[in-house]
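The values are calculated or read from the model by the stated rules, or taken from the named source; none is laboratory data. Remember, predicted model here, so these are calculated numbers, not experimental data. Every residue, glycine as well, gets a Cβ built from its backbone with ideal geometry; the counts of neighbours run over all protein chains shown.
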Amino acid sequence: IAEEMSGAMIVASISGADPAALLSALSAVRAKRPESAILLMSADEAEGKVAIAADVPKAIQDKGLKAGDWVRAAAEACGGKGGGRPDFAQAGGKEPARLPEALRAAKAFAGARIGE
């Protein structure tokens, strides 16, 4: 994921990742891209769930993007809720079919705050 994205914001979905795998992927991307705000999502159609996790470095928090608000915006777009700290947050959704909508919502939310 880190290799295919650039800029201050990375928003991506990972097929079939459970919440633990999503957090593992988030850590791996953070290691390669410490300066970027990262939000990852995964949908489990069989379980009817969406997992969302975000990590936002201090420099980007200072521009107005907080991880808790970011995951909440994405979760609301796929029938869920969540939140957390300004630097790290998790959320869940109940409508996996709306994952593309949640990805768009996450990109728009972050872009409006950090100018991307």
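Hey, among the residues in the stretch 95-104 that are of a type in the set (D, E, K, R) and out of contact with any helix residue (DSSP H, G or I) (no Cβ under 9 Å at 6 or more places or on another chain), which one's surrounded by the most Cβ atoms within 10 Å (Cβ to Cβ)?
Arg98
I'd like to check something: does the stretch 79-92 contain any residue that is modelled with pLDDT under 95, over 25 Å from Ala31 (Cα atoms) and among the basic types (Lys, Arg)?
Yes, the stretch 79-92 has at least one match.
Among the residues of the stretch 52-60, is any at pLDDT below 95, buried (at least 18 other Cβ atoms within 10 Å of the Cβ), assigned to a strand (DSSP E or B) and not hydroxyl-bearing (Ser, Thr, Tyr)?
Checked against the condition, which is being at pLDDT below 95, buried (at least 18 other Cβ atoms within 10 Å of the Cβ), assigned to a strand (DSSP E or B) and not hydroxyl-bearing (Ser, Thr, Tyr), the stretch 52-60 yields no hits at all.
Test of understanding: among Gly84, Gly93, which residue is at positive phi and free of Cβ contacts under 8 Å to residues at least 60 places away in the same chain?
Result of the check over Gly84, Gly93: Gly84.
Tell me yes or no: at least one residue of the stretch 7-30 is assigned to a loop (DSSP other than H, G, I, E, B), charged (D, E, K, R), at pLDDT 95 or above and surrounded by fewer than 19 Cβ atoms within 10 Å (Cβ to Cβ).
Taking every residue of the stretch 7-30 in turn, none turns out to be assigned to a loop (DSSP other than H, G, I, E, B), charged (D, E, K, R), at pLDDT 95 or above and surrounded by fewer than 19 Cβ atoms within 10 Å (Cβ to Cβ).
Give the residues of the stretch 67-92 that are buried (at least 21 other Cβ atoms within 10 Å of the Cβ) and assigned to a loop (DSSP other than H, G, I, E, B), sorted by residue number.
The answer is Ala77, Cys78, Gly80.
Does the stretch 36-51 contain any residue that is more than 13 Å from the chain's Cα centre (by Cα), of a type in the set (Ser, Thr, Tyr) and either surrounded by 13 or more Cβ atoms within 10 Å (Cβ to Cβ) or at pLDDT below 95 (or both)?
No, there is no match, as no residue in the stretch 36-51 is more than 13 Å from the chain's Cα centre (by Cα), of a type in the set (Ser, Thr, Tyr) and either surrounded by 13 or more Cβ atoms within 10 Å (Cβ to Cβ) or at pLDDT below 95 (or both).
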